[in-house]
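Structure first, commentary second.
The values are calculated or read from the model by the stated rules, or taken from the named source; none is laboratory data. Given the structure is predicted, the values throughout are model-derived calculations rather than measurements. Note that each Cβ is placed from the backbone with ideal geometry, even for glycine, and that neighbours are counted across all protein chains shown. Note: accessible area is taken over every heavy atom of the protein model, side chains too, but ligands, DNA and RNA are not part of it. Shrake-Rupley method; radii C 1.70, N 1.55, O 1.52, S 1.80 Å.
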Amino acid sequence: MAEPIIGIIGGTGLGQTLLGEVRGDSHDAATPFGKPSGPIIRATWEGVEIAFLARHGDGHVFCPSAVPYRANIYALKALGVTHVIASGATGSLREELRPRDLVLVDQIIDKTTRRPTTFFDEPGLAVHAEFAEPFCPSLRRALLASADGIETTVHDGGTYVCMEGPAFSTIAESRMHRSWGGDLIGMTCMPEAKLAREAEMCYALVALPTDYDCWRPHDPSKDKQALLAEIIGNVEAATTNCVALIKATLRSMAGESPATCSCGDALALGIWTNRDHVSPATVERYGVLLARHFQQ
Ligand SMILES: [Zn+2]
């Protein structure tokens with residue numbers, strides 16, 4: 001099997017940091033789903049082919065609801081990306097998930113309300129991807145196996161509640177998310193993870209808890225400025241650790257065939273429309289997403 005090409009989607013903190021660090025060819029890709037958040041940088045990094053994209057764009061110009069998730073995932077797929085390692089800043093819903101820790105989340109509760117959640121939303125084709133395990137188990141294992149040398153606690157598993165935002169939760173909502181079994185609250189994991197599955201790419205997310213969500217009372221001795229400074233310091237420290245974890249994981253993947261998982265064949269049983277009823281125009285529209293399933 002060919003060596004993997006790793007897509008890296010940098011969230012808050014990491015996106016801007018890596019824009020300054022990764023040097024390579026810049027690709028301005030147009031897709032059937034519009035333009036991605038920004039140019040994609042192709043490079044060899046830690047011995048591995050990567051394609052890097054800052055989720056919120058250069059200068060953090062896209063709010064979570066406005067991120068062009070479909071264009072981002074499509075553009076990475078079109079460049080031959082097989083695996084995506086994403087990062088995302090989150091609020092912690094658990095005492096033990098401390099700011100500056102890293103969390104390799106394994107489940108999602110999707111509370112978003114106004115984002116396209118699938119590529120396949122046009123008449124002419126019905127596609128249903130399995131999503132019981134929203135993150136690739138092999139890629140999560142690779143990240144976890146690289147966590148030993150990282151100077152913070154890396155947690156194995158956690159449920160990410162994805163909210164629409166952009167305002168943060170009320171205290172009642174934060175308590176409710178805890179009662180649901182949520183461990184972290186964020187705004188960007190969905191539909192990104194679902195689209196990666198539809199695009200048959202392995203996808204894992206490193207969550208960066210930057211503070212405790214509002215279920216936990218703030219330290220009354222700190223004013224708002226002090227709390228904000230603390231959060232910014234947490235983002236910076238977590239970003240440094242997350243970059244170190246991703247680099248270590250890339251080194252471990254260099255020259256290795258990717259471990260077996262079913263992500264790369266996610267649509268094998270997912271195309272429910274009778275093939276005879278799928279028009280060439282439909283196959284054309286979805287381009288790299290469907291090409292291998294409709295080869296003559
Ligand atoms: Zn996989």
In region 207-218, the residues that are open to solvent by less than 10 Å² (accessible area, probe 1.4 Å) and either in a loop (DSSP other than H, G, I, E, B) or closer than 13 Å to Cys136 by Cβ (or both): none
Selection status of Glu151, within 16 Å of the ligand (Cβ to nearest atom), touching a residue at least 24 places away in the same chain (Cβ under 8 Å) and either surrounded by fewer than 24 Cβ atoms within 10 Å (Cβ to Cβ) or not in a loop (DSSP other than H, G, I, E, B) (or both): no
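Looking at region 284-296, which of its residues are buried (at least 18 other Cβ atoms within 10 Å of the Cβ) and in a helix (DSSP H, G or I)? Reasoning before the result, please.
Looking only at region 284-296, we keep the residues that are buried (at least 18 other Cβ atoms within 10 Å of the Cβ), and these are 286, 289-290.
Passing the criteria: Tyr286, Leu289.
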Selection count where residues are β-branched (Val, Ile, Thr), closer than 26 Å to Cys63 by Cβ and either part of a loop (DSSP other than H, G, I, E, B) or touching a Leu at 6+ places or on another chain (Cβ under 6 Å) (or both), scope region 38-53: 1
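What residue, of Thr239, Thr249, is open to solvent by less than 20 Å² (accessible area, probe 1.4 Å), part of a helix (DSSP H, G or I) and within 16 Å of the ligand (Cβ to nearest atom)? Full working, then the answer.
On the way: Thr239 fails: within 16 Å of the ligand (Cβ to nearest atom).
Criteria check complete, one pass: Thr249.
So, Glu95, is that one out of contact with any Pro (no Cβ under 6 Å at 6 or more places or on another chain) and on the phi < 0 side of the Ramachandran plot or not? Write out each step before concluding.
Working: out of contact with any Pro (no Cβ under 6 Å at 6 or more places or on another chain): yes; on the phi < 0 side of the Ramachandran plot: yes.
So Glu95 passes the test.
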Condition met for Gly181 (open to solvent by 10 Å² or more (accessible area, probe 1.4 Å), assigned to a loop (DSSP other than H, G, I, E, B) and under 17 Å from Glu96 (Cα atoms)): yes
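How many residues does region 7-37 hold that are in a loop (DSSP other than H, G, I, E, B) and modelled with pLDDT under 95? Give the steps one after another, and end with the answer.
Narrowing region 7-37 to residues in a loop (DSSP other than H, G, I, E, B): 11-13, 22-24, 28-30, 32-33, 35-37.
Then keep just the ones that are modelled with pLDDT under 95; that gives 11-13, 22-24, 28-30.
Qualifying residue count, region 7-37: 9.
Quick check: is even one residue across region 67-77 modelled with pLDDT under 95, of a type outside the set (Gly, Ala, Ser), in contact with a strand residue (DSSP E or B) (Cβ under 6 Å, 6 or more places away or on another chain) and farther than 24 Å from Ala147 by Cβ? Outline the logic, then answer.
The initial filter retains those residues of region 67-77 that are modelled with pLDDT under 95, namely none.
No, region 67-77 contains no residue that is modelled with pLDDT under 95, of a type outside the set (Gly, Ala, Ser), in contact with a strand residue (DSSP E or B) (Cβ under 6 Å, 6 or more places away or on another chain) and farther than 24 Å from Ala147 by Cβ.
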Residue that is modelled with the highest pLDDT [pool: residues in region 237-296 that are within 22 Å of Cys136 (Cα to Cα) and among the acidic types (Asp, Glu)]: Asp265
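Please go through region 219-236 and pick out each residue that is open to solvent by 40 Å² or more (accessible area, probe 1.4 Å) and either part of a helix (DSSP H, G or I) or within 16 Å of the ligand (Cβ to nearest atom) (or both). Can you show your working first?
Of region 219-236, the ones open to solvent by 40 Å² or more (accessible area, probe 1.4 Å) are 219-226, 228-232, 236.
Result: Lys224, Gln225, Ala226, Leu228, Ala229, Glu230, Ile231, Ile232, Glu236.
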Pair list, Cβ < 8 Å and 6+ apart or interchain, from region 196-213 residues that are under 30 Å from Leu227 (Cβ atoms) to residues that are of a type in the set (Phe, Trp, Tyr) and within 13 Å of the ligand (Cβ to nearest atom): Leu205/Phe135
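Would you check which residues across region 115-144 are more than 30 Å from Phe294 (Cα to Cα) and touching a helix residue (DSSP H, G or I) at 6+ places or on another chain (Cβ under 6 Å) and list them? Please lay out each step first, then the result.
Residues of region 115-144 that are more than 30 Å from Phe294 (Cα to Cα), as a first pass: 140-144.
Once the filter is applied, which keeps residues that are more than 30 Å from Phe294 (Cα to Cα) and touching a helix residue (DSSP H, G or I) at 6+ places or on another chain (Cβ under 6 Å), region 115-144 yields Ala142, Leu143.
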